[in-house]
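**Student:** Sending over a structure as structure tokens; questions will come in a sec.
None of the figures in this text is laboratory data; all of them are computed from the coordinates on show. Small disclaimer: the values here were computed from a predicted structure and weren't measured. Note that each Cβ is placed from the backbone with ideal geometry, even for glycine, and that neighbours are counted across all protein chains shown.
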């Protein structure tokens with residue numbers, strides 16, 4: 001009986017040791033899954049953040065008489081969208097002089113004043129996640145005829161797995177994100193903040209392209225299609241280019257499908273030739289098998305070429321329509 005008790009005790013101890021060895025890896029996998037889902041959430045928000053920024057920029061820069069810099073307001077719009085996923089992490093210190101009321105020229109939108117969490121996320125997104133201070137970036141440009149607004153966001157999402165931040169600090173030290181931020185407090189010319197973060201980050205990229213037309217200051221009369229923009233020769237040319245690109249894309253899709261069908265036929269012929277040779281390894285069947293292999297390889301290469309052409313036509317078409 002004593003031997004049985006000892007054996008049971010030893011088995012329990014062994015199981016405990018095995019559990020202690022395995023559980024850290026299981027927890028790491030669990031946290032990695034959670035981190036991946038959070039990054040995916042930020043990526044989904046990024047699509048709308050880029051759209052909101054492009055829309056605000058188009059309105060602000062297209063209408064005369066609105067105060068403020070259009071690019072700054074566009075970045076504010078993106079930061080508001082990112083606010084729910086832009087909490088200030090532990091050990092990410094920011095010395096913000098003067099509180100939060102005067103941090104940005106123009107102040108906060110009214111509802112942010114009454115939402116501390118959104119205000120914190122808004123600040124973090126604006127000054128850190130979407131700024132070079134934290135590894136991110138915000139770019140806006142206008143180009144094309146007719147003009148289009150293009151917004152590109154690089155959102156620096158921190159990796160905060162337990163233990164990873166500490167290991168990062170030991171290897172690289174505290175990364176000085178930015179030693180000086182200017183104009184953080186409009187009431188103080190010498191306002192500054194020292195930011196430091198021990199966290200590595202993943203860049204979540206988003207972009208949006210939107211049509212842009214400066215407003216003349218006079219409301220349109222009648223239907224939109226009767227406006228000057230609708231009869232602009234450059235707009236008509238752009239529409240023709242889109243139609244031509246769509247036709248080229250449709251032709252490339254059809255050619256890719258035909259090439260794929262030919263490849264499938266060549267594969268079937270090769271299988272039949274292989275079966276014939278296996279049944280009767282005669283010189284004639286060997287020659288037929290080699291010919292079938294050459295035909296299958298040629299059909300495959302032709303399919304890959306048509307596929308690459310279709311992808312190129314698809315990219316050209318998406319560039320024209322602003323996707």
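**Student:** May I ask you to give the average projected area over all directions of the convex hull of the Cα atoms of the range 241-321, in nm² rounded to one decimal? Display every interim value, and only then the final one.
**Tutor:** On the way: hull surface 20.3 nm².
Directional mean of the projected Cα hull area for the range 241-321 stands at 5.1 nm².
**Student:** Now for a different question. Any chance you could run the full-extension gain for residue 40 through residue 279? It's 0.36 nm times the residue separation minus the Cα-Cα distance, nm to one decimal.
**Tutor:** Here the segment from residue 40 to residue 279 would lengthen by 80.6 nm.
**Student:** Continuing with this model, one more query. Treat the count of other C-beta atoms within 10 Å as a stand-in for reagent exposure and order 209, 124 from fewest to most.
**Tutor:** Ascending Cβ contact count within 10 Å gives the list 209, 124.
**Student:** Report the relative contact order of the range 259-323, percent, no decimals, based on alpha-carbon pairs under 8 angstrom and at least 6 residues apart.
**Tutor:** The value is 42 percent.
**Student:** Between residue 88 and residue 298, what FRET efficiency comes out of the Förster formula 1/(1 + (r/R0)^6) with R0 = 51 Å and r the beta carbon distance, rounded to 0.05? Intermediate values should be presented prior to the final figure.
**Tutor:** Numbers: r = 60 Å, r/R0 = 1.18.
FRET efficiency, residue 298 to residue 88: 0.25.
**Student:** Another one. If we count other beta carbons within 10 Å of each Cβ, what is the order of 253, 81, 17, fewest first?
**Tutor:** In increasing order of surrounding Cβ atoms, one gets 17, 253, 81.
**Student:** Take 159, 23, 265 and order them by how many other Cβ atoms sit within 10 Å, fewest up front.
**Tutor:** Listing 159, 23, 265 from fewest to most nearby Cβ atoms yields 23, 265, 159.
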